[in-house]
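Colleague: Pasting a structure here, questions to come.
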Number of protein chains: 2
Amino acid sequence: MAPPEGPEELMASQSDKRPISTIVIIIAMQTEALPLVNKFQLKEDQDSVFPTGVPWVRYRGTYRDLNINIIWPGKDTALGVDSVGTVSASLVTYASIQALQPDLVINAGTAGGFKAKGAAVGDIFLASEVAFHDRRIPIPILDLYGVGLRQAFSTPDLLKRLGLKVGKLSTGDSLDMSPQDEASIIANDATIKDMEGAAVAYVADLLKVPAIFVKAITDIVDGDKPTAEEFLQNLAAVTVALDQAVTQVIDFITGKCLSDL
Amino acid sequence: MAPPEGPEELMASQSDKRPISTIVIIIAMQTEALPLVNKFQLKEDQDSVFPTGVPWVRYRGTYRDLNINIIWPGKDTALGVDSVGTVSASLVTYASIQALQPDLVINAGTAGGFKAKGAAVGDIFLASEVAFHDRRIPIPILDLYGVGLRQAFSTPDLLKRLGLKVGKLSTGDSLDMSPQDEASIIANDATIKDMEGAAVAYVADLLKVPAIFVKAITDIVDGDKPTAEEFLQNLAAVTVALDQAVTQVIDFITGKCLSDL
């Protein structure tokens, strides 16, 4: 039997009112992804939905009634390091949404935090909005395109239940922060800084899939320690906190509709 | 009849020895694309190979024996400006290669040039190699991943015949140049600077399609004039030169094999 035809708004509100069935979790680093893969007993997809040659990895499984897909962009085919950053993140978000038609995209990962805005190492944030800080195009309107501000999908009940911190997320392809990046991050009023969020948001918005951003703080950007050193030092411990938070998010989501988040 | 099976190298060398049949030309700005669309009498694809909702536009047609596809990322759906930069460029390159399986990708567009390296406004360059200048990740090997150096497909005969200039191309998502960008551009030994090339190269390399980069100089980065002003002032005139060069490239390619370029 064919579904009843109706205006797009009606279809959208109907999809808001059925339980979330399929989620895609975009995670840039293997270290961040593997504990969750084990926790949910996900299996690496042997019959890849992605083209031959790309290093992208899909871990799939079911948890209660939820189809969980963790997508990791994989190791760079030439250099063997995690394929971090906005280009890889946008590609895997696009390919995953096309192949899996998820109800919700979750971008989970570690991030830098600003202590001046209340962030501390180990904090878990849910981003309220995301923007880029390294796309400066000083031409009217193209400047706004460069910033690429987008709202995260609103999840007031999830926030209340889990007691996560909320802050604005700013994304750029560098681990460090130049004075120009800093000025843009301040203009973005950001509390957290990552290397993928705004790219995931851009693609999810393009393909009309709601997206949320769970970010765990590994390093204090406006602190005394060099970012790379602090990041590597805290990565393992903070990943545990991140994975606990993502597990709580998934537990909360299971059985709920988008409009119940 | 099924094609004879053989090792991958044999297959690759066979494809090098049949005439190029399908090309994808990635052009970020409508102003740059439309004169070529008219010149080759291409038509906008009404039955899009791209997903619903994306602004990406394919102009298609045949010219002598060549299937020409000009792919323009289109106007940002919210802001109405050209979808410039590495995220859009990587997405349309990926989606175009997946849908059209081209023999060759050409990224054509305007760029900034460094007079200290011999560039002048109106010059047409073919990039010898491409890299990013705004992905600073100061962790061993991840630093190289950030730079993302890739060779353009080698086209010695094309170069000789058309008398184009040759230089290294450096890509970043900002139209301006911060001191950190400048240091990376110098490290990349770049003569030209754009906002898409290295992203197109990354995706083409991932999917094993040869790519070349035809770039026309609109502004002198190490000159006296503000980049945005000089860029907008020269855009129309330089686009004419760019489109002439791309036409010459297409004329040269027609009927040839990859190994004859």
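The values are calculated or read from the model by the stated rules, or taken from the named source; none is laboratory data. Fair warning: this is a prediction, and the values are worked out from it, not measured in the lab. Virtual Cβ from ideal backbone geometry, glycine too; neighbours counted across all protein chains shown. What goes into the accessible areas is simple: the full protein's heavy atoms, side chains included, and nothing from ligands, DNA or RNA. Shrake-Rupley method; radii C 1.70, N 1.55, O 1.52, S 1.80 Å.
Colleague: Output yes when any residue across region B:154-162 is over 22 Å from B:THR31 (Cβ atoms), open to solvent by 10 Å² or more (accessible area, probe 1.4 Å) and within 14 Å of chain A (Cβ to nearest Cβ), and no when none is.
Modeller: So far as region B:154-162 goes, no, none of its residues is over 22 Å from B:THR31 (Cβ atoms), open to solvent by 10 Å² or more (accessible area, probe 1.4 Å) and within 14 Å of chain A (Cβ to nearest Cβ).
Colleague: Among the residues of region B:52-74, which ones are in a loop (DSSP other than H, G, I, E, B), at pLDDT 95 or above and out of contact with any Phe, Trp or Tyr (no Cβ under 7 Å at 6 or more places or on another chain)?
Modeller: If the condition is that a residue be in a loop (DSSP other than H, G, I, E, B), at pLDDT 95 or above and out of contact with any Phe, Trp or Tyr (no Cβ under 7 Å at 6 or more places or on another chain), then B:VAL54, B:PRO55 are the ones that fit.
Colleague: Quickly run through region A:207-234 and pick out the residues that are under 17 Å from the mean Cα position of the chain (by Cα), of a type in the set (A, V, I, L, M) and over 25 Å from A:PRO19 (Cβ atoms).
Modeller: A:ALA216, A:ILE217
Colleague: If you scan region B:30-61, which residues turn out to be β-branched (Val, Ile, Thr) and either open to solvent by 50 Å² or more (accessible area, probe 1.4 Å) or closer than 20 Å to B:ALA236 by Cβ (or both)?
Modeller: Within region B:30-61, B:THR31, B:VAL37, B:VAL49, B:THR52 meet the criteria.
Colleague: Also, quick follow-up: Would you call A:VAL166 of a type in the set (Val, Ile, Thr) and open to solvent by 60 Å² or more (accessible area, probe 1.4 Å)?
Modeller: Yes; evaluated as a whole, the condition is true for this residue.
Colleague: (1) in contact with a helix residue (DSSP H, G or I) (Cβ under 8 Å, 6 or more places away or on another chain); (2) assigned to a helix (DSSP H, G or I); (3) surrounded by 15 or more Cβ atoms within 10 Å (Cβ to Cβ): which one isn't true of A:VAL240, the others all being true?
Modeller: Every condition holds for A:VAL240 apart from (3).
Colleague: A further question on this structure: Do you know which residues across region A:21-44 are within 14 Å of A:PRO73 (Cβ to Cβ) and in a loop (DSSP other than H, G, I, E, B)?
Modeller: Once the filter is applied, which keeps residues that are within 14 Å of A:PRO73 (Cβ to Cβ) and in a loop (DSSP other than H, G, I, E, B), region A:21-44 yields A:ILE27, A:ALA28, A:MET29.
Colleague: Identify, by number, the condition in (1) in contact with a helix residue (DSSP H, G or I) (Cβ under 7 Å, 6 or more places away or on another chain); (2) crowded, with 23+ Cβ neighbours inside 10 Å; (3) under 23 Å from B:PRO156 (Cβ atoms) that B:ILE192 doesn't meet.
Modeller: Result: B:ILE192 fails condition (1) only.
Colleague: For region A:163-187, which positions are among the charged types (D, E, K, R), over 13 Å from A:VAL147 (Cβ atoms) and facing chain B (nearest Cβ under 10 Å)?
Modeller: Answer for region A:163-187, where residues must be among the charged types (D, E, K, R), over 13 Å from A:VAL147 (Cβ atoms) and facing chain B (nearest Cβ under 10 Å): A:ASP173, A:ASP176.
Colleague: Among the residues of region B:62-85, write down those that are more than 9 Å from every other protein chain (Cβ to nearest Cβ) and open to solvent by less than 20 Å² (accessible area, probe 1.4 Å).
Modeller: Those that are more than 9 Å from every other protein chain (Cβ to nearest Cβ) and open to solvent by less than 20 Å² (accessible area, probe 1.4 Å): B:LEU66, B:ILE68, B:ASN69, B:ILE70, B:ILE71, B:TRP72, B:PRO73, B:GLY74.
Colleague: Also, quick follow-up: In this structure, does B:PRO140 turn out to be without any contact (Cβ under 8 Å) to a residue 60 or more places away in the chain and either more than 8 Å from chain A (Cβ to nearest Cβ) or on the phi < 0 side of the Ramachandran plot (or both)?
Modeller: Yes, satisfied.
Colleague: Pick from A:SER15, A:SER90: which is at pLDDT below 95, touching a helix residue (DSSP H, G or I) at 6+ places or on another chain (Cβ under 9 Å) and of a type outside the set (Phe, Trp, Tyr)?
Modeller: Of A:SER15, A:SER90, the one residue that is at pLDDT below 95, touching a helix residue (DSSP H, G or I) at 6+ places or on another chain (Cβ under 9 Å) and of a type outside the set (Phe, Trp, Tyr) is A:SER15.
Colleague: In addition: If you check A:GLY163 against the conditions, is it small (Gly, Ala, Ser) and touching a Ser or Thr at 6+ places or on another chain (Cβ under 8 Å)?
Modeller: When the stated conditions are applied, A:GLY163 does not pass them.
Colleague: How many residues are among the small types (Gly, Ala, Ser), within 22 Å of A:THR86 (Cα to Cα) and more than 10 Å from chain A (Cβ to nearest Cβ) when one looks only at region B:188-200?
Modeller: 1
Colleague: Same structure, new question: Looking only at residues in region A:86-98 that are more than 7 Å from chain B (Cβ to nearest Cβ) and either touching a Phe, Trp or Tyr at 6+ places or on another chain (Cβ under 9 Å) or crowded, with 24+ Cβ neighbours inside 10 Å (or both), which one is nearest to B:ALA204 (Cα to Cα)?
Modeller: Filtering region A:86-98 for residues that are more than 7 Å from chain B (Cβ to nearest Cβ) and either touching a Phe, Trp or Tyr at 6+ places or on another chain (Cβ under 9 Å) or crowded, with 24+ Cβ neighbours inside 10 Å (or both), the one nearest to B:ALA204 (Cα to Cα) comes out as A:SER88.
Colleague: Say we look at region B:27-56 and pick out the residues that are among the β-branched types (Val, Ile, Thr) and touching a helix residue (DSSP H, G or I) at 6+ places or on another chain (Cβ under 8 Å); which of these is farthest from the other protein chains (Cβ to nearest Cβ)?
Modeller: By that ranking, first place goes to B:ILE27.
Colleague: On to the next question. Looking at (1) at pLDDT 95 or above; (2) part of a loop (DSSP other than H, G, I, E, B); (3) more than 18 Å from the chain's Cα centre (by Cα); (4) within 15 Å of B:ASP194 (Cα to Cα), which is the one condition that is false for B:LEU79?
Modeller: Every listed condition holds for B:LEU79 apart from (4).
Colleague: Somewhere in region A:207-215, is a residue open to solvent by 20 Å² or more (accessible area, probe 1.4 Å), more than 24 Å from A:LEU261 (Cα to Cα) and either β-branched (Val, Ile, Thr) or facing chain B (nearest Cβ under 8 Å) (or both)?
Modeller: Among the residues of region A:207-215, not one is open to solvent by 20 Å² or more (accessible area, probe 1.4 Å), more than 24 Å from A:LEU261 (Cα to Cα) and either β-branched (Val, Ile, Thr) or facing chain B (nearest Cβ under 8 Å) (or both), which makes the answer no.
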